[in-house]
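To start, the structure itself, in structure tokens.
The values are calculated or read from the model by the stated rules, or taken from the named source; none is laboratory data. Remember, predicted model here, so these are calculated numbers, not experimental data. All Cβ positions, even for glycine, are placed from backbone atoms using ideal geometry, and neighbour counts span all protein chains on display. In case anyone asks, the SASA skips ligands and DNA or RNA and just uses the protein heavy atoms, side chains included. Shrake-Rupley method; radii C 1.70, N 1.55, O 1.52, S 1.80 Å.
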Amino acid sequence: MSKRRLSTALSRYVVSPVVKLAVRLRLVRGWAILETRGRRTGEPRQTPVGNGLADDTFWIVAEHGSKAGYVRNIAADPRVRVFVNGRWRSGTAHALPDDDPLERQRSLPALNARVVRLMGTDLMTVRVDLDPE
């Protein structure tokens with residue numbers, strides 16, 4: 001089994017359900033939930049991500065780059081929502097393949113950055129321009 005398949009399965013069935021619940025209950029601070037629309041179904045898809053909130057911008061480093069499901073969903077529909085600090089915020093996401101994801105991680109929560117580097121196969125930065133409040 002490839003590293004990408006293994007880390008995706010581990011994330012989908014073990015890590016994501018626990019982290020999503022912990023974020024919703026506000027038990028953890030370094031995480032958030034990204035909601036995209038499924039590119040085939042149109043159904044909402046929620047993925048835990050590191051809390052990359054910086055003013056009205058939300059930064060994410062996708063561990064599998066353009067192969068990550070949420071990055072493919074963003075390519076089909078860039079309108080997203082982010083659950084961060086106890087509330088939902090809407091915005092428009094942009095994949096940034098030319099950005100340096102390792103440098104970007106220096107400003108993101110350290111634990112999430114370590115996990116992404118460990119499990120990742122093709123890191124890529126995603127910027128979400130959040131709508132004004």
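If the condition is being outside any strand (DSSP E or B), of a type in the set (Lys, Arg) and touching a strand residue (DSSP E or B) at 6+ places or on another chain (Cβ under 9 Å), then the stretch 19-38 contributes LYS20, ARG24.
It is to be established whether one or more residues within the stretch 90-100 are among the hydrophobic types (A, V, I, L, M, F, W, C), within 13 Å of the chain's Cα centre (by Cα) and over 19 Å from ARG40 (Cβ atoms). The answer is no, given that none of the residues of the stretch 90-100 is among the hydrophobic types (A, V, I, L, M, F, W, C), within 13 Å of the chain's Cα centre (by Cα) and over 19 Å from ARG40 (Cβ atoms).
The set of residues in the stretch 48-99 that are under 18 Å from ALA113 (Cβ atoms) and of a type in the set (A, V, I, L, M) comprises VAL49, LEU53, ALA54, ILE60, VAL61, ALA62, ALA68, VAL71, VAL82, VAL84, LEU96. Inspect all residues belonging to the stretch 21-36 and state whether any of them is modelled with pLDDT of 95 or more, among the polar types (S, T, N, Q) and open to solvent by 50 Å² or more (accessible area, probe 1.4 Å). Checked against the condition, which is being modelled with pLDDT of 95 or more, among the polar types (S, T, N, Q) and open to solvent by 50 Å² or more (accessible area, probe 1.4 Å), the stretch 21-36 yields no hits at all.
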